[in-house]
Every structure is written in C-alpha cells, then in structure tokens.
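The structure appears right after this line, and notes come after that.
The values are calculated or read from the model by the stated rules, or taken from the named source; none is laboratory data. Just so it is clear, the structure is predicted and the values come from calculations on it, not from any experiment. Cβ sites come from the backbone with ideal geometry, for glycine too, and all protein chains shown count toward neighbours.
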Amino acid sequence: MTFDPMFVVLPVLLVVGIVCAAVVCVVALCRADRTDTVAVVRALPELTSTFLRYRRRKR
C-alpha cells in the first residue's frame, strides 16, 4: 500500500485554516466595543432565519 502525502497535507491545512479563522473571530470580538458585540449577538437569530428562507427558496 502506497502512502500519499496529500492525505496528510489536506487535513492539516484545513485544521490550520479553521484555527486561524477562529483566532481572527475571537480577536475581533475582543477588540469590538461591547455595544457592537451585543448588537451582533441580538441580530443573529434574524440573520439565521433570513439565510434559512433564502436556502428554502432556492430548492
């Protein structure tokens, strides 16, 4: 059985990308003004319902 290095490289790149995205999000939340963060959290349910309606219409 031959070992393909791509099977190791792709998952590692995916994990690194997800970790970097998480760090960017956490840093952005930490640097944001508290009122901005609260406004974003309060807007999340509406944003989620909008995306769900958009996905249902596409089908």
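Just a few scattered comments:
- Qualifying residue in the range 22-30 (condition: more than 14 Å from the chain's Cα centre (by Cα) and in a helix (DSSP H, G or I)): yes
- Residue match in the range 36-47 (condition: of a type in the set (Ser, Thr, Tyr) and at pLDDT 80 or above): no
- Residue satisfying condition, being assigned to a helix (DSSP H, G or I), loosely packed, with under 10 Cβ neighbours inside 10 Å, within 20 Å of the chain's Cα centre (by Cα) and not hydrophobic (A, V, I, L, M, F, W, C), within set Pro45, Pro11: Pro45
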